[in-house]
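Working notes for the structure below.
Nothing in this text is a laboratory measurement; each read-out follows from the coordinates by a stated rule. For clarity, every value in this text was computed on a predicted model and none was experimentally measured. Virtual Cβ from ideal backbone geometry, glycine too; neighbours counted across all protein chains shown.
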């Protein structure tokens, strides 16, 4: 099997397992404010499971979740705290690996600076390119000292990807772009904006992204997107790796669609670590070289991927 970079899983549910409260609208940001030790422990748990990348707990550091007033006052400090906690856990792992004779490159842990959807997950209609730079600025400033690269998560539209990439480019850190897909479309995957996966591949390649991923969608929709992206990039001679980290949300019907940011969405009981590992095997066969988990995917799932 090809060499795979193993990401961590979804932080929010693991924060709850570590004793933090999980509620809307603050979501995972609440742990940064009230119980940062739970954030550190969650990172450690994913490292123990085998993760090679720790994602900063900055996904909910947007006005949509913490309110405009608190964002203006606290976003920079909270972003710095999120970065520092991930860096602390990564450095602990590096120190432990250095003490082992078998330490090698595969044990190196990198920190991904999470750049979230600035105006709400799954809401391409709310994206405001004119306001985006002001919301990005404190996140970039706070996370930059600790992040090895940027992970732009749950991108719903091309304009969102283009705008955020432009804001990150001056930092000169690598940028991974990760798009979210419509859960109901299985054979011809599309972004939540309705734009095509082909367009997202062309944009990522044109911008010079360092990786192209798909996240926070059902595992069932990922294989087709990965195969399409990997084939397109290979055909263009682009060495951009493709990745996947799916969520475990209970599937919604057309009459009751998925709405993020409003409630604590239940997760699928049948999506066991073994079942998730089977999905991951199909993604790797389709061309994925970066694998991890999103909402509801915990350390046990990551450990199953490590074993694979």
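Residues 192, 44, ranked from the fewest to the most other C-beta atoms within 10 Å, line up as 44, 192. Taking 7 Å steps out from each Cα toward its Cβ at residue 269 and residue 187 produces label points 3.3 nm apart.
If the segment from residue 199 to residue 282 were pulled out straight at 0.36 nm per residue, it would be longer than the present Cα-Cα gap by 27.6 nm.
Between residue 35 and residue 2, the modelled labels are 3.9 nm apart [label points 7 Å from Cα along Cα→Cβ]. Between residue 108 and residue 173, residue separation times 0.36 nm minus the direct Cα-Cα distance comes to 21.6 nm.
Looking at region 5-307 alone, DSSP beta bridges between its own residues are antiparallel in about 10 percent of cases. Place a point 7 Å from Cα of residue 137 in the direction of its Cβ. Which residues in region 63-86 have their backbone N less than 17 Å from it? Residues 63, 68-80 qualify, since their backbone N sits under 17 Å from the label point. Ranking of 251, 160 by neighbouring Cβ atoms within 10 Å, starting from the fewest: 251, 160. Taking label positions 7 Å along the Cα-Cβ direction at both residue 238 and residue 69, the computed distance is 4.5 nm, reported to one decimal. Annotation: peptides 124-133, 59-68, 241-250, ranked by per-residue average of other Cβ atoms within 10 Å with the highest first, follow the order 241-250, 59-68, 124-133.
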